[in-house]
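Worksheet for the structure shown next.
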Amino acid sequence: MSDDLSGFSSKPNLDPEDFYYSDEGYIVFTEAYHLKRGHCCQSGCRHCPYGFNKKKKRQHKKY
């Protein structure tokens, strides 16, 4: 997983439904955000709509 978030701050157009903060203070992207982005980053995201399985390193598209 890449920890490079340098492009994150250059994209200020996040809608409120695109993310929330976890109890630990992390930004968690929603399924809506992932669908807007249009591809799987293969990081094992909590709300991945593309069905990526980090343990098996395989992807099963839901959409």
Of the listed peptides 40-50, 21-31, what is their order by residue-averaged count of other C-beta atoms within 10 Å, with the highest listed first? 40-50, 21-31
If you wrap a convex hull around the alpha carbons of the range 17-59, what volume per residue comes out, as a whole number of Å³? 63 Å³
Percentage relative contact order, the range 17-59, counting C-alpha pairs under 8 Å, at least six apart: 27 percent
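We did not get these values from a lab; they are worked out from the coordinates using the rules stated. This is a predicted model, so every value here is computed, not measured. FYI the Cβ positions are ideal-geometry reconstructions off the backbone, even for glycines, and counts take in every protein chain you see.
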